[in-house]
Amino acid sequence: MAIYRTAPWFQGVLLGGFCLTASVALSYGYKLTAPAIERAAKADLTASLDQVIPASLRTNDMTADTVTLDTDGGPVTVYRARKGGEVSAVAYRVIGKGYGGDIVIVMGVDRAGAILGVRVVQHSETPGLGDKVDARKTDWVKGFAGHSFANTPAAEWAVKKDGGRFDQFSGATITPRAVVKAVKEGLELFAANRARMIGDAKPAAAVPATKPRSVS
Amino acid sequence: MSKVSARAVAILKDGLWTNNVTLSQKLALCPLLAVTATATNGLGMGLATTAVLVMTNLAISLVRGVITPQVRIPAFILVIAGIVTLVDMAINAWGHELYKVLGLFIPLIVTNCVILGRAEAFASRNGPFYSAMDGLGMGVGFTFVLTGIGAVRELLGSGTLFANASLMLGAPMRFLETTVIPDYKGFLLMILPPGGFLVLGFALAAKRMLDTRDAKKRAAAASEPASACH
């Protein structure tokens, strides 16, 4: 073995060489995959929007027609469906605090404030119990469709155990309670910001949101 | 059988059973406990780990002559992390459906001590072919333990086997999905982490029992000719 291989400077040069090689490989890999990843992320978004807003209500590309609201919980991107130029429905993301952390929910609301659809897109709830809020497991979350503050008073936006209108699951109350609360807050957000959400603001323009009524 | 293939078979057998990652080396227990709530997740994690293990073993075996002993650990980690990141990006880009299910687990593979363990114990001392074989054997051995433990937990916990396999592996794999016990109320403990510990404990005990029995048999076979000499 050559003597320089045990010298301290060689170790540095060697590691540096490895870092350089790894960086080159990673940046090349990133460049290669970035367009496909972006396409896939957009397809995911479109797919989740498709589930909460029926195709008959829109003729536009919702992912390109957005408005951003600044709420207490951070910015909320609102995706707008248009039919004949007029905004027919909006979709946005709300977060519930579940048993196993955040439950990410996408909900679609029509002009009148009635729910078109709700889907849980990401959660870490207990398998077999709380994960029944996932539309792939049970139809529970589809029960929100059609509800609005007009036909379901604010006091009844709760699970049956709490005197509300929505079913809980046997053995799991925290998860459905969290989802119901998040959807209710989503409707409150819509009620408070309806004009901005369905108005004709420039796409992606950030506007401060009115604080939704506090819930409890 | 030629010498080369005999050695390859011995390496594969070592990974699959004799020196199995979880059952004998007792490594990688963290991902094991985390993902084996269902057989499907176990299988997915196992396959992803196998792919990474083959690639890292191969890569490290190829550069083993360059790396000095003093910096081998950071160099191995760099190679492993780089390859896992590339695999992560590749699956996200070209196998997006798979990524949605496995995405969470792939970055975890970096922290799987088996990968570094095989790099250090095997790939840094052996040629590329045998190193890849070792990665394959160890990976498949890990996969079958993950899938097995996942199957037991899923069966006892929710009464199904390979639920949602078609979501992860594509529609052709739907035949794997079976409901073994209809109207099963579920046994939550098995799905939660304690169930993982329980099943793992039984699996380790079974492996040890079989090994002890094998050792006794071998000892008995060895002592017989010796007594015949008298």
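Where residues in segment A:1-41 are under 30 Å from A:Leu116 (Cα atoms) and within 8 Å of another protein chain (Cβ to nearest Cβ), which of them is surrounded by the fewest Cβ atoms within 10 Å (Cβ to Cβ)? Full working, then the answer.
Applying the first criterion (under 30 Å from A:Leu116 (Cα atoms)) to segment A:1-41 yields A:37-41.
Filter once more, keeping what is within 8 Å of another protein chain (Cβ to nearest Cβ): A:37, A:40.
Values: A:Ile37: 17, A:Ala40: 19.
So the residue we want is A:Ile37.
Checking the condition away from every other protein chain (no Cβ under 13 Å) and more than 14 Å from A:Gly98 (Cα to Cα), which residue from A:Ala135, A:Ala155 passes?
A:Ala155
Working only within segment A:67-83, note down all residues that are more than 14 Å from the chain's Cα centre (by Cα) and either under 14 Å from A:Gly108 (Cβ atoms) or not assigned by TED's automatic domain parsing to the domain that holds A:Arg111 (or both).
Answer for segment A:67-83, where residues must be more than 14 Å from the chain's Cα centre (by Cα) and either under 14 Å from A:Gly108 (Cβ atoms) or not assigned by TED's automatic domain parsing to the domain that holds A:Arg111 (or both): A:Arg80, A:Ala81, A:Arg82, A:Lys83.
For B:Leu104, all conditions in the list (1) away from chain A (no Cβ under 14 Å); (2) assigned to a loop (DSSP other than H, G, I, E, B) hold save one; what is the number of the exception?
Going through the list (1) away from chain A (no Cβ under 14 Å); (2) assigned to a loop (DSSP other than H, G, I, E, B), B:Leu104 breaks only (1).
Looking at segment A:120-159 only, could you name the residues that are within 28 Å of B:Arg153 (Cβ to Cβ) and of a type in the set (D, E, K, R)?
Looking only at segment A:120-159, we keep the residues that are within 28 Å of B:Arg153 (Cβ to Cβ), and these are A:120-141.
Selection gives A:Glu125, A:Asp131, A:Lys132, A:Asp134, A:Arg136, A:Lys137, A:Asp139.
Could you tell me whether A:Ala47 is closer than 21 Å to A:Val183 by Cα and within 11 Å of another protein chain (Cβ to nearest Cβ)?
Judged against the criteria, A:Ala47 is a match.
Determine whether B:Thr49 is hydroxyl-bearing (Ser, Thr, Tyr), surrounded by 22 or more Cβ atoms within 10 Å (Cβ to Cβ), under 28 Å from B:Phe202 (Cα atoms) and under 12 Å from the mean Cα position of the chain (by Cα).
When the stated conditions are applied, B:Thr49 passes them.
What are the residues in segment B:161-175 that are touching a Ser or Thr at 6+ places or on another chain (Cβ under 9 Å) and touching a residue at least 24 places away in the same chain (Cβ under 8 Å), if any?
Correct list: B:Leu161, B:Phe162, B:Ala163, B:Asn164, B:Ala165, B:Leu167, B:Met168, B:Leu169.
Quick check on A:Asp44: is it in contact (Cβ under 8 Å) with a residue 12 or more places away in the chain, charged (D, E, K, R) and surrounded by 11 or more Cβ atoms within 10 Å (Cβ to Cβ)?
No, not satisfied.
Is it true that some residue in segment B:109-118 is away from every other protein chain (no Cβ under 14 Å), modelled with pLDDT under 85 and more than 17 Å from B:Trp17 (Cβ to Cβ)?
Yes, segment B:109-118 has at least one match.
Restricting attention to segment B:72-90, which residues are under 27 Å from A:Ala47 (Cα atoms), surrounded by fewer than 20 Cβ atoms within 10 Å (Cβ to Cβ) and more than 9 Å from every other protein chain (Cβ to nearest Cβ)?
The answer is B:Val87, and nothing else.
The values are calculated or read from the model by the stated rules, or taken from the named source; none is laboratory data. Because the structure is a prediction, the values reported are computed rather than measured. Here Cβ is always computed from backbone atoms with ideal geometry, including for glycine, and neighbour counts include all displayed protein chains.
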